[in-house]
Amino acid sequence: MKGRKFPGVRAVLFDLDGTLIDSAPDLGAAADSMRLRRGMASLPQDRYRPLAGSGARGMLYAAFGMTPEHVDYNALKEEFFVLYSECMLQRTQPFHEVHEMLVRLQAHGLPWGVVTNKSQRFTGPITQAMPLFATASAIISGDTTPYAKPHPEPLLEAARRMSLSPSECVYVGDDERDIQAGLAAGMHTVAARYGYLGAGADVAAWGAHAEVSSPLELLNFLEVP
């Protein structure tokens with residue numbers, strides 16, 4: 001699909017973490033503070049960043065090598081959530097070019113929205129505090145519907161709220177489950193290579209209709225000059 005325009009697009013939907021905002025510094029800081037509480041050495045941010053897209057699961061694995069099967073996982077996950085809620089707006093910023101991209105989308109009559117697996121507990125405060133999201137037409141959190149990505153229902157709910165058919169939407173994300181959800185929903189899909197991706201990610205194997213290395217590259221696939 002490189003260099004070709006998506007036909008019939010009337011809106012663009014985005015994943016949140018790793019696609020619109022760089023939340024890895026705050027996610028990593030919350031996990032690292034758990035290590036420090038336990039008398040363990042601090043880890044560099046580059047240990048946390050590749051796993052930021054997996055939220056608490058990724059951060060606990062980076063910090064402690066812990067998986068959800070561990071007997072203490074749920075307790076540490078809630079501890080992480082509390083610590084993250086206290087710092088989640090300290091270092092998080094939109095990725096470079098995101099603001100300009102969104103302005104240009106709207107200038108050409110393309111509304112936009114967010115579909116994230118992040119729970120409303122965190123999505124709400126972040127999107128309310130950051131001016132970037134004031135123009136979003138829909139914000140779907142991981143617990144808005146009974147399902148989370150890679151299930152297509154959150155994306156379909158966003159399309160319904162925007163009174164659009166899925167085929168009129170593009171979904172942009174930095175994780176394989178984003179592309180799986182977008183394809184299952186019948187949307188055009190774009191893999192954001194500038195995001196977190198995950199260790200050893202084979203982006204080309206995800207099956208996205210297009211890939212971008214920066215937010216503004218998305219405009220090459222839309223009817224936006």
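The values are calculated or read from the model by the stated rules, or taken from the named source; none is laboratory data. As the structure is a prediction and not an experimental result, all values here were calculated from the model. Backbone-built Cβ (ideal geometry, glycine too); neighbour counts: all protein chains shown.
Restricting attention to segment 153-169, does a residue exist that is hydroxyl-bearing (S, T, Y) and either in contact with an Asp or Glu (Cβ under 7 Å, 6 or more places away or on another chain) or buried (at least 19 other Cβ atoms within 10 Å of the Cβ) (or both)? No, that holds for no residue.
The residues on offer are A129, A181, A136, and the sole one that is hydrophobic (A, V, I, L, M, F, W, C), under 28 Å from Y61 (Cα atoms) and not assigned by TED's automatic domain parsing to the domain that holds S54 is A181.
The set of residues in segment 123-163 being free of Cβ contacts under 8 Å to residues at least 40 places away in the same chain, closer than 20 Å to S23 by Cβ and hydrophobic (A, V, I, L, M, F, W, C) consists of F133, A134, A136, I139, I140, A148. The residue pairs whose first member lies in segment 195-212 and is on the phi > 0 side of the Ramachandran plot and surrounded by fewer than 18 Cβ atoms within 10 Å (Cβ to Cβ), whose second member is of a type outside the set (A, V, I, L, M) and modelled with pLDDT of 95 or more, and whose beta carbons are closer than 8 Å, counting only pairs six or more residues apart or on different chains, are G207/T189.
Can you tell me which residue within segment 147-203, out of those that are closer than 21 Å to S137 by Cα and among the hydroxyl-bearing types (S, T, Y), is nearest to the chain's Cα centre (by Cα)? Only one residue fits best here, namely Y171.
Scanning segment 44-82 for residues that are among the aliphatic types (A, V, I, L, M) and surrounded by 15 or more Cβ atoms within 10 Å (Cβ to Cβ) yields L51, A52, A56, M59, L60, A62, A63, M66, L76. Residues in segment 104-135 that are buried (at least 19 other Cβ atoms within 10 Å of the Cβ) and of a type in the set (S, T, N, Q): T116, N117, T123, T127. Y194 meets each of the listed conditions (1) touching a Pro at 6+ places or on another chain (Cβ under 9 Å); (2) under 18 Å from I21 (Cβ atoms); (3) modelled with pLDDT of 95 or more apart from (3).
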